[in-house]
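The numbers here are math on the coordinates, done by the rules we state, and not lab data. Bear in mind the structure is a predicted one, so any value in this text is a computation, not a measurement. Cβ atoms come from the backbone with ideal geometry, glycine included; neighbour counts cover every protein chain shown.
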Amino acid sequence: MSHPVEAGPTPPSYPPKTPPPPKKPPNPPRPNPQDPKPPPSQVMPTARRGVGMVNRRGANWSLESAPWAAGKARTAVMEQLGKWKYRPAPDTVTAVEAVTTLLIGAAVADGGTKVSVHLSDQDGQACILALSHHTRLTTGADDAGKDVLHQITAHQPVTGCGTDTGPDGRRIWAVITL
């Protein structure tokens with residue numbers, strides 16, 4: 001006659017079967033198209049620069065840092081605004097050209113080898129930014145930047161302007177109502 005086996009702490013005589021490890025990692029989850037998108041006016045930080053444009057049209061040009069750069073920048077900015085179907089009044093055109101000249105002139109005065117011009121628009125306003133690409137600015141550059149800002153604000157449709165210095169050079173910008 002067989003004896004009943006007592007229930008006890010004895011482990012089974014064979015190991016439990018485990019699944020093999022996956023051969024490739026699982027795919028990340030797919031984006032949900034119903035997730036809300038960031039609002040169009042949100043400015044998102046980027047790793048390289050302080051801010052980036054989100055949901056805005058933009059254009060940029062890289063020019064040699066020379067006295068003639070302001071004329072090329074004026075032409076490029078006005079052509080791009082025309083492509084974006086802006087038809088500003090004659091006094092606004094004059095102000096956009098004058099502000100572009102002041103911005104590029106200040107960037108050229110910093111002494112870098114190139115200047116870049118960035119243009120974006122939103123809600124009937126245009127932002128023009130000039131970047132000097134000169135990382136070693138003189139101590140008088142801040143005073144010169146403040147003088148340029150005073151000259152820029154003298155133009156009527158300018159709603160804001162500013163300057164800051166980053167690792168890629170000095171940025172001078174102005175916002176103009178078209």
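Points to keep in mind about this one:
- Rounded to whole numbers, the Karplus 3J(HN,Hα) couplings from phi for the range 24-29 are 9, x, x, 5, x, x Hz, using 6.51 cos²θ - 1.76 cosθ + 1.60 with θ = phi - 60°, and x at Gly and Pro.
- Separation between Cα centres of the range 118-135 and the range 60-103, rounded to whole Å: 11
- The HN-Hα couplings worked out from phi for the range 105-118 by the Karplus form 6.51 cos²θ - 1.76 cosθ + 1.60 (θ = phi - 60°) are x, 5, 5, 5, 5, 5, x, x, 8, 9, 10, 10, 10, 10 Hz, whole numbers, x standing for Gly and Pro.
- Summed residue charge, Cβ within 14 Å of residue 98's Cβ, Lys/Arg positive, Asp/Glu negative: -1
- Paramagnetic reach from residue 57 (point 7 Å along Cα→Cβ, amide N under 15 Å) across the range 109-127: 119-127
- Spin-label pair residue 72/residue 27, simplified geometry with 7 Å Cα→Cβ offset, distance in nm: 4.6
- Counted charge near residue 62, where neighbours are those whose Cβ lies closer than 11 Å (Asp, Glu -1; Lys, Arg +1): +1
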